[in-house]
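Participant: One structure coming up, written as structure tokens, with questions to follow.
All of the numbers you see were taken from the coordinates with simple rules; none came from a lab. The shown structure was predicted, so the numbers you read here are calculated from the model rather than taken from an experiment. Reconstructed Cβ throughout: ideal geometry from the backbone, glycine too, with neighbour counts over all protein chains shown.
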Amino acid sequence: MTSKSFVYLAAAAALSVLLAIVSFAASNHWSAGKATGDKLLPKLADSIRQVAQIEIRQGDNSVVLEKKGDSWGVKDRGGYPVDVAKVRTLLVALGEAELIESKTRRTDRYATLELEDPAEKSAKSRLVRMTGAKGDAIAEVVIGKKRPEVYSTGKAGGTYVRKPGDPQSWLASVDLDASLSVKDWVKTSVLTMDTGKISRISIEISGEQVLKVERPAAGAKDAKDDKDAKDAKEAKAPAETPKLGFIGFPGEGKKLKDAGAAEAIARAVSSIEMEDVRKLAPPPAGVSVVKIEIADGPTTTVRLRKDGDAHWLSIAATGEGEAKKAADEITGRTKDWEFKIPASKAESILKKRTDLLEAPAAEKK
């Protein structure tokens, strides 16, 4: 091969490589492109106060947050109060989000970024639409999956997004959370009380004998010993808070599976978180009733029922004097509402006598 031929071949090879690179760049819709620094929703920052409704949709599922006056509520949950701080966090994040990296324009690659059509039943993307008090459109965006910050390469984290009607997808500069779950928008704590202050609990389950739990009066066990005590230090030592126990149960010849079962029930009922909420309807027959009395505090009545596979409860509280303030606070949050709770929580509260007893020796064998 002559030197001249070699030069021609080398030049042809170099040209082929160059053309291949150009062709790849033109067809590679994952190419990062330039960081624009433009706002994702440029008009939102100036219109945040005008947003009166936020709709989040994914396939057949949706949640609508609606503003009434200065407060927000879940529209399809009877207007149940929303945690305003969570709404503010989403709106501010959307208003501040910048487009920092262009991504694919090909619809067949949207799914990898979880930016497919939100109307599809299997979609992982979420459409967030914000409107004003008169239903006027303010802004909307399709939110995809998050990209964590990549420290080794210096790439920033953020969330993949695109605007409806625009094929270009982007990496936005902020973490965007737009959950479809009601519990992610509300304050989930339904009932919280100090377990150590619970004095009595009664559990009424249809077809079952009432189960009663009670805490002995403080110092009742030690009264006789204190009277005869000769050691002054022992006499002055603070008595431990008596533990809760069952009244008239388990009975002679029967034994509890767990000696701390009464305390476990108290712990279960003293802290209840909801998974969902709805307007309270007249409960059907077969409702279980749990009454909790607190020393120097309100008496709280919890009604539990099953609706299909779901467990729902409602709450009422009463009290006199200082206890009335606590009762009114509970009533103010829970009146007219029914709360869905985990099945495990309902099972921890509604204990039947047979659930608590050890099996007879004959059955063990």
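Participant: Between the stretch 80-104 and the stretch 289-309, what is the separation of their alpha carbon centroids in Å?
Facilitator: 38
Participant: Further question on the same structure: Hey, any idea what Rg/Rh is for the stretch 48-184, computing Rh the Kirkwood way over Cα pairs? Don't skip to the answer; put the middle values down first.
Facilitator: Numbers: Rg = 15.2 Å, Rh = 15.5 Å.
My calculation puts Rg/Rh at 0.98.
Participant: While we're looking at this one, here's another question. What does the charge count near residue 187 come to, summing +1 for each Lys or Arg and -1 for each Asp or Glu among other residues with Cβ under 10 Å from its Cβ?
Facilitator: Once all neighbours under 10 Å are counted, the net charge is +1.
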